[in-house]
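J.: Quick one: the structure is below, and I'll ask about it shortly.
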Amino acid sequence: MDGFAHQLIAGIATGGIYASVALALVMIYQATHHVNFAQGEMATLSTFIALTMIQAGLPYWVAFFATLVVSFVIGALVERILMRPVQNAPVLTHVGVFIGMLLIISNATGWIFGHTTKAFPTPFQSDGLLFGGLVSAHELGSTAVTLAVLILVYLFFAHTSLGLAMRAAAYNPRSARLVGIRVGWMLALGWGLAAAIGSVAGMMVAPAVFLDPNMMLGILLYAFAGALLGGIDNPSGAVIGGFMVGVLENLAGAYVVGTELKLTVALVIIIGVLVVRPSGLFGRVVFSRV
């Protein structure tokens, strides 16, 4: 039972990371109706920037919040410079842009910061496991940070005028323009916010998996599975789906498929959701009359 409890708590901790990335994916999907395949690489680049600041002598939390600002700016610039010119282009054009971003950012990150694996510090230090050996200090701290980010994002979208304007621009751009909302700037803010959320996930996961240019590849797959499971058009559903995938991955890796085949859990979830319930557990079922 102690082993099961540890796997469950560890799954919740990693699920928080997946939930953050899944939320970022959903935010971009709501604005563009496309999946940003480069979300993981953008988070990895932000994590390398944070490591550079820490190595330059900045305290961890100063570097953390400075990275959020830098990531926000990068995300907004990506929308303004790369996505705005192709916003009315065919679907394959968007897919090509996202794949191109993935390859360019990944290779540029390796070229600038090196391809060697690096250790990333954690601000949550402890001499041993906590709560009777069930959870580490970093797992507990990273879960608290990701939950705080998710709560702040919820409050921003639900209780601020800017958040409501961003939601309106994502759901119905034409009607939003009619009431005076600057849809273009709302989309840029959405991209910036998604990039900042992704950077939090990168900084929280890096101490556990170590930092290299391909750090987020597997995590992006788990996050995508969580977004599909919860509902790719439902932010809160994607968050729940991310936590569910984290728990399922840990339990399946410990008791079913082994640690070497844990990635297949995400693939099974993706295929199963697309076959059985494409809208996800909490997504909207859209009918179109032809």
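The values are calculated or read from the model by the stated rules, or taken from the named source; none is laboratory data. Predicted, not measured: the structure shown is a model, and the values here were computed from it. Methodologically, a virtual Cβ is constructed for each residue, glycine included, from the backbone with ideal geometry; neighbour enumeration extends over all protein chains shown. Quick note on the areas: whole protein, heavy atoms, side chains included, nothing else; ligands and nucleic acids left out. Shrake-Rupley method; radii C 1.70, N 1.55, O 1.52, S 1.80 Å.
J.: Could you identify which residue out of Ala201, Ala22, Ala254 has the top mean-square fluctuation in a GNM of the chain using Cα springs shorter than 10 Å?
T.: Ala254
J.: On the accessible surface of the chain, probed at 1.4 Å, how many percent belong to carbon and sulfur atoms?
T.: 71 percent
J.: List the equivalent ellipsoid semi-axes of the range 185-256 in whole Å, largest first, each obtained as the square root of 5λ for an eigenvalue λ of the Cα gyration tensor.
T.: After diagonalising the Cα gyration tensor, the semi-axes are 23, 18, 8 Å.
J.: List, in order, the whole-Hz ³J(HN,Hα) value for each residue of the range 74-81 obtained from phi through the Karplus relation with A = 6.51, B = -1.76, C = 1.60 and θ = phi - 60°; use x for Gly and Pro.
T.: 4, x, 5, 5, 4, 5, 5, 8
J.: How large is the accessible surface per residue of the chain, computed with a 1.4 Å probe and reported in Å² as a whole number?
T.: Ligands and nucleic acids excluded, the result is 49 Å² per residue.
J.: Then there is this: Looking at [x] 27.8; [y] 16.6; [z] 14.5, which value of mean projected area of the Cα convex hull in nm² comes from a calculation on the structure shown?
T.: The value matching this structure is [y].
J.: Please calculate the 1.4 Å probe accessible area of Phe282, with all protein chains present, and give it to the nearest 10 Å².
T.: 100 Å²
J.: Please identify, among Asn107, Asn234, Asn36, the residue showing maximal mean-square fluctuation in a Gaussian network model of the chain using a 10 angstrom Cα cutoff.
T.: Maximum among the listed residues: Asn107.
J.: Could you derive backbone 3J(HN,Hα) for the range 89-104 from the dihedral phi with the Karplus parameters 6.51, -1.76 and 1.60 (θ = phi - 60°), listing whole Hz in sequence and x where the residue is Gly or Pro?
T.: 7, x, 4, 5, 5, 4, 4, x, 5, 5, 5, x, 4, 4, 5, 5
J.: Taking the simple approach of a point 7 Å from Cα along Cα-to-Cβ for both Ala119 and Ser161, what is their distance in nm?
T.: Placing both labels 7 Å along Cα→Cβ, they lie 5.0 nm apart.
J.: If you average the alpha carbon positions of the range 170-195 and of the range 1-48, how far apart do those two centres end up, in angstrom?
T.: 24 Å
J.: Run the numbers for Leu251 and Trp61: contour at 0.36 nm per residue of separation, minus the present Cα-Cα distance, in nm. Before the final figure, lay out each step's value.
T.: Working: separation 190, 0.36 × 190 = 68.40 nm, distance 3.24 nm.
Between Leu251 and Trp61, full extension yields 65.2 nm more.
J.: Whole-Hz Karplus ³J(HN,Hα) for the range 10-27, in order, using 6.51 cos²θ - 1.76 cosθ + 1.60 and θ = phi - 60°, x for Gly and Pro?
T.: Taking θ as phi minus 60°, the curve returns 5, x, 5, 5, 5, x, x, 5, 4, 5, 5, 5, 4, 4, 4, 4, 5, 4 Hz for the range 10-27.
J.: Which residues' amide hydrogens lie under 5 Å from the amide hydrogen of Val135, considering only partners 5 or more residues apart or on another chain, with H built in the peptide plane?
T.: Excluding prolines and chain starts, which carry no amide H, the hits are Leu130.
J.: When the dipole is taken about the Cα centre of the chain, and only Lys, Arg (+1) and Asp, Glu (-1) are charged at their Cβ, what size is it in debye, to the nearest 20?
T.: Once rounded to the nearest 20, the dipole reads 1140 debye.
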